[in-house]
Amino acid sequence: MATVEIRGSGYSFALFVDGQPHGTGASSYEKACIKANYLERMLARVDRPCLCCGATFTAAGRNNRMCPACTDFAAGAMI
Ligand SMILES: [Zn+2]
């Protein structure tokens, strides 16, 4: 798992992934946090097989185990 860091102060913040500079930076700590959160989610994405149908899909994170088609089907079944 890659480590995302926010470094900086005042009106200049930069993101680092595993110690390497990443992206264009941010003008406030809040904006840097939003970018870091998005970056962590993108880095956590991984191709894995769906638990229901076995099709390979790009999961949004560790808890995402069903492909979008099966997720939609399951949501419809609960109505
Ligand atoms: Zn599926």
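Ellipsoid fit via the Cα gyration tensor, segment 27-79: semi-axes of 30, 14, 6 Å, each the root of five times an eigenvalue, largest first. Based on C-alpha pairs under 8 angstrom that are at least 6 apart in sequence, segment 1-44 has a relative contact order of 36 percent. When each of the peptides 51-57, 29-35 is scored by how many other beta carbons lie within 10 Å of its residues on average, the order from highest to lowest is 29-35, 51-57.
Under a 5 Å amide H cut-off, with hydrogens placed 1.01 Å from N, Gly25 pairs with Leu15 among residues at least 5 apart or on other chains.
Just so you know, all these numbers are worked out from the coordinates, no wet-lab data involved. Only a predicted model underlies this, so the values are computations on that prediction, with no experimental measurement involved. Positions of Cβ are generated from backbone atoms using ideal geometry, with glycine treated the same way; all protein chains shown enter the neighbour counts.
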